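Below you'll find the structure, written out as structure tokens, and then a few comments.
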Amino acid sequence: MNESAVFQDSRVAAPDSGDPPTIGVLALQGDVREHVAALDLCGAEPVLVRRPAELAAVDALVLPGGESTAISKLLEIFELLEPLRARLRDGMPAFGSCAGMILLADEVLDTRPDARHLSGIDMTVRRNAFGRQVDSFETDLDFAGLEGGPMRAVFIRAPWVERAGDGVEVLARVPGGPAAGRIVAVRQGSVLATAFHPEVTGDHRVHRMFVDLVRAR
Ligand code: GLN
């Protein structure tokens, strides 16, 4: 990525000096490319993860938006489910958007009975909580810990967090409307999750926050 491309996005700082962290993007299904581009702009080295050996080689992992039940099934088929649970137990940083948030939960409501989850964050997530595909929407959110004003957030058949455990920091809530106050961004240690898609808006502050978190470890 050349420097002019980096500085076209005014809210992304210049890449830090030093070795870029290697951040995997789980590439079984979903909006993998958008996360790869955002991580690249934030000074990380993005790599695709489809096999246990690839998972073992990354410093951190992004779980993209897509369809959580399909990704769950593919995690089993590709024999990644247990290795991924183990890496999360060992403290690997992770960031999940939308379907990725659902996968990181330890309890999921309104999903298929055979769907599997990773227990990366002590939370209960309700899948498709805002309604059907036609109920997808955008709004401006206050996001704790991010400078530069509210963040435009795109919700596509999104979940919300129905219960956040004691160790979970709430980073953003829906500001108004029928779902006002619902939790849509959380962090527990170095695991981050958003119900919306920061990878699609060109505002890469959440990815930047994640890359900083990975660097800090
Ligand atoms: N509704 C999807 C699911 O259940 C998530 C949608 C998304 O990632 N945009 O996984």
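Readers should treat all values here as calculations from the given coordinates under stated rules, not as data from a laboratory. Quick caveat, the model's predicted, so the values are computed rather than measured. No Cβ is skipped: glycine too gets one built from the backbone with ideal geometry, and neighbour counts run over all protein chains shown.
See the values below:
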item: Beta bridges per DSSP with both ends in the chain, % antiparallel, nearest 5; result: 50
item: Debye equation applied to the C-alpha atoms of the chain, log10 I(q)/I(0) at 0.10, 0.12, 0.15 Å⁻¹; result: -0.38, -0.56, -0.91
item: Segment ARG33-ALA180, length gained on full extension (0.36 nm per residue, minus Cα span); result: 49.8 nm
item: Alpha-carbon centroid distance for the pair the stretch 114-136 / the stretch 193-213, whole angstrom; result: 18
item: Contact order normalised by residue count of the chain, Cα under 8 Å, 6+ apart, percent; result: 19
item: Virtual spin-label span in nm between GLU67 and ASP114, 7 Å along Cα→Cβ; result: 1.4
item: Estimated [θ] at 222 nm from DSSP helical runs (n ≥ 4, -39500 (n - 2.57)) normalised by residues in the chain, nearest 500; result: -7500 deg cm²/dmol
item: Spin-label pair ARG132/ALA57, simplified geometry with 7 Å Cα→Cβ offset, distance in nm; result: 4.4
item: Length gained when the stretch GLU82-LEU48 is fully extended (0.36 nm per residue, less Cα-Cα span); result: 10.4 nm
item: Sites excluded, GluC sites (Glu not before Pro) in DSSP loops with at most 14 other C-beta within 10 Å, longest stretch of the chain; result: 1-78
item: The stretch 72-156 - convex hull of the alpha-carbon atoms, volume per residue in Å³; result: 119
